[in-house]
Amino acid sequence: MGTKDIAEKHFEEINKIFADIINGTLFEGSQTIKETELVDLPMKSQYKADDGKLHEQERDIAKRWSKEDVVFSIIGIENQTVIDKDMPLRVIGYDGASYRSQLLDKDSSRRYPVITIVLYYGKEPWSAPRSLKERLDVPACLAKYVSDYHINVFDISHMSDEEIDTLFHSDFKILAKFMNGTNNISEIKEKIEYPDPLLKILSVLTDDDRFKNLQGEFMEGGSTMCDILDKIENKGKIEGKIEGKIEGKIEAFREIAENLYKNGVSLDIIKSSIPNIPKDEVQKIFDEITKSK
């Protein structure tokens, strides 16, 4: 499992965030599902392929929604940052495995629906098929006999601020607004309830390690996105100053070393006077000095 997948799961598997995602995407923001009504399910399922061997497949997140001890549905989340034309085939495979597991459960005759949603975070609007028939090359004479299968894709990066404000109420709102490129991200005043999981998923989705490097620096429920951005900016300024000082030391040492070496001072003696600069830079200077002699 890659770093991106782990970070997304770590964030979205939190029951409060999972419930918010489902309520926002399937129930138009209505607080239909409560976090206390969600039960974790195994994300790995097994199936027997045409080769007769038992295979295993893993979906991103799966939870059972139960209310008053009644199972209503299984809701799975699949995350995407790139457009996948075969997503209908992937989803039907996951859902089919969930239905198959109901057949294999000899202790229960209950059957319940399986719903999968695909959260898409890519830069380009989702343009891939949203149904099985859109992906297949079906001869016209067989079209009415081929069953279709629709998938639920939610293009998070292309939702408007207004939509996001209406649909989501957890830390997912902050993530969604960051991914849609809002100009007002620093003006989001909501307190971040789960800062470390949010920083981790922001880091992998934006490919920006500055978020990950801030983990552990914010208390739960005590910071805003503005605080995080300010911290990133201040860290950048400090690191820039340190880097400038190191570069200044390197250039000063280079000049001193060259003069000492020209006047017959051995490299061993020069090494003993080295200031606190990286060893690879020192070696680079010595290599240049000896080559130019």
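The values are calculated or read from the model by the stated rules, or taken from the named source; none is laboratory data. If you're wondering where the values come from, they're calculated on a predicted model, not measured in any experiment. Heads up, the Cβs are rebuilt from the backbone with ideal geometry, glycines too, and the neighbour counts pull from every protein chain shown.
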### Query
Is there any pair linking a residue in the range 113-130 that is under 27 Å from Leu103 (Cβ atoms) to one that is among the hydroxyl-bearing types (Ser, Thr, Tyr) and in a strand (DSSP E or B), with Cβ under 6 Å and at least six apart or on different chains, and which?
Pro113/Ser73; Ile115/Ser73
### Task
Would you list the helices (runs of 4 or more DSSP H) that sit entirely within the range 129-246 and hold 3 or more residues that are modelled with pLDDT of 90 or more, of a type in the set (Gly, Ala, Ser) and at positive phi?
none
### Sole residue being crowded, with 19+ Cβ neighbours inside 10 Å and of a type in the set (Asp, Glu), chosen from Asp161, Asp171
Asp171
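Among the residues of the range 20-39, how many are small (Gly, Ala, Ser) and without any contact (Cβ under 8 Å) to a residue 60 or more places away in the chain?
Within the range 20-39, the subset small (Gly, Ala, Ser) is 24, 29-30.
Checking the rest, the ones that are also without any contact (Cβ under 8 Å) to a residue 60 or more places away in the chain come to 30.
Selection size over the range 20-39: 1.
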### Query
Conditions: (1) within 25 Å of the chain's Cα centre (by Cα); (2) crowded, with 17+ Cβ neighbours inside 10 Å; (3) over 21 Å from Ile17 (Cα atoms). Gly76 meets all but one. Number of the miss?
(3)
### Task
Starting from residues that are in contact (Cβ under 8 Å) with a residue 24 or more places away in the chain and touching a Leu at 6+ places or on another chain (Cβ under 8 Å), keep the ones in the range 131-149 and report whichever is nearest to Pro113 (Cα to Cα).
Tyr149
### Query
Within the range 184-204, can you find the residues that are farther than 16 Å from Asp227 by Cα and without any contact (Cβ under 8 Å) to a residue 40 or more places away in the chain?
none
### Message
Tyr120 - would you say it is among the aromatic types (Phe, Trp, Tyr), at pLDDT 90 or above and surrounded by fewer than 21 Cβ atoms within 10 Å (Cβ to Cβ)?
### Response
no
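Residue-by-condition table, conditions (1) touching a Lys or Arg at 6+ places or on another chain (Cβ under 9 Å); (2) of a type in the set (S, T, N, Q); (3) not assigned by TED's automatic domain parsing to the domain that holds Phe172:
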residue	(1), (2), (3)
Ile77	yes, no, no
Tyr94	yes, no, no
Ser98	yes, yes, no
Lys106	no, no, no
Tyr120	no, no, no
Leu136	no, no, no
